[in-house]
Amino acid sequence: MRKRGTNDLTAILAAAGIISLSVLYFNISPVVVGAAADNRGFSNQQLGMLMVPGMSMQAIVSLLLCFWVRRINWKLLLLFGGVCAFAGYIFAAFTTSFKMLLLASGIAGIGGGLLYCISMAYLGNAKNPDRGFGFSQLFQSISMMIGLYAIPIWISPNWGLTGVFLFVALGILLAITLITYIPNDWKPATKIELHDNNQANKIMRLNPAIMAMAALFIFNLGLNGFWVFYERIATNIGYTAELIAITLSTSVGIGTLGAFLPILVYNRINRNIMITAIGLVFILVMVGVITIFNESVFWVLSMLFQACWAAILAYMYASIAAEDRNGKIIILIPAVYALSSVIASAAAGFVYNYGHAVFLGYTASMVLISMMLWISLWKR
């Protein structure tokens, strides 16, 4: 059964804040890579490796937690993860060796993965996970805006890559202080009492959560693939670099408003209906970006893209949490998201060579297939 403290708004906000700070390094990766190139002179191959250790460790942590997450004290694990991530980023800030930098990133990835996964499970255990995940998306957008502005304008020019890692470490330190707001008496628990020895019933309970996770994976193949080449699409259409930069930065800021949709509406409207509706808007946005050549329309579509993304991920995570009656599958979200992001980038890079029409067909079809799975869950 759920502990009463799990549903306290302060604790939910704290868990959402921990999530946003634990993934800050990856969310601001473009400016981290830029700072590494400007201040350390790393090659393109080295720059491409900067995010790999952390993302890989995060995925491994997610997979391992799935097996033993209910046997441990989550708050203690959060504290361990926070210390591990903080130490990793401090190590990365002051090392001069590229190999040691990758090692430090991997250590930080282990700690960040623990913070991310446990906090995701915490929000999924709440009565209304939609709100918690909505706050998580909102806080991530806010931290992204701060990092994307502060690092290239202020931190990197004055303190170099060392300052960048210290900035991220400061975020982890803040996450550690937020752990104190997690209820002391809260312990990991399943969402239902698992006294049923009928294997068929257990499988039936698991199937919807796995199906929802598969839908998230396929959705990310389309959307992340489109996002990776968003700037390239705009450039090839003929928009200036200045217009693209202004459009993307402002659309990320305004797009944070999309996170208020699950916060305010949560499950008053069926989650899978909301996911399907937003997914169809995504398809229309992708078609518009590629076919409508107008600067004002491009800005509006970019804003819709970010707003819908903030809303739909919160609803998807909440839907998975609702279907995950054993309380284990939701732990796999970070691993599934990381894996699908890597595959999406590689697949999109291959398909984009065949032109915008083929690229649009591929990305839109992935989103459409995902929506069909969410509709199936709704009809079920």
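Just so it is clear, none of the values below were taken in a lab; they were calculated from the coordinates. Because the structure is a prediction, the values reported are computed rather than measured. Here the Cβ is made from the backbone with ideal geometry for all residues, glycine too, and neighbour counts use every protein chain on show.
Miscellaneous remarks
- Value of relative contact order over segment 4-181, rounded to a whole percent, pairs C-alpha under 8 Å and six or more apart: 44
- The chain - mean residue ellipticity at 222 nm from DSSP helices (-39,500 (n - 2.57) per run, n ≥ 4, rounded to 500): -26500 deg cm²/dmol
- Pairwise centroid distance, computed over Cα atoms, of segment 137-166 with segment 51-100, Å: 21
- Size check on the chain: the Cα extents along the three principal axes, sorted descending, read 61, 48, 33 Å.
- About the centre of its Cα atoms, the chain shows a dipole size close to 1200 debye [charges on the beta carbon of Lys, Arg (+1) and Asp, Glu (-1) only; nearest 20 debye].
- Taking the average, over residues, of other Cβ atoms within 10 Å as the packing measure, peptides 107-118, 7-18 rank 107-118, 7-18 from highest down.
- Within-14-Å neighbourhood charge of residue 317 [Cβ basis; K, R +1; D, E -1]: -1
- Each peptide in 238-247, 57-66, 224-233 was scored by the mean count of other Cβ atoms within 10 Å over its residues; highest first, the order is 57-66, 224-233, 238-247.
- Pairwise Lys count, the chain - Cα closer than 25 Å, eight or more residues apart or different chains: 23
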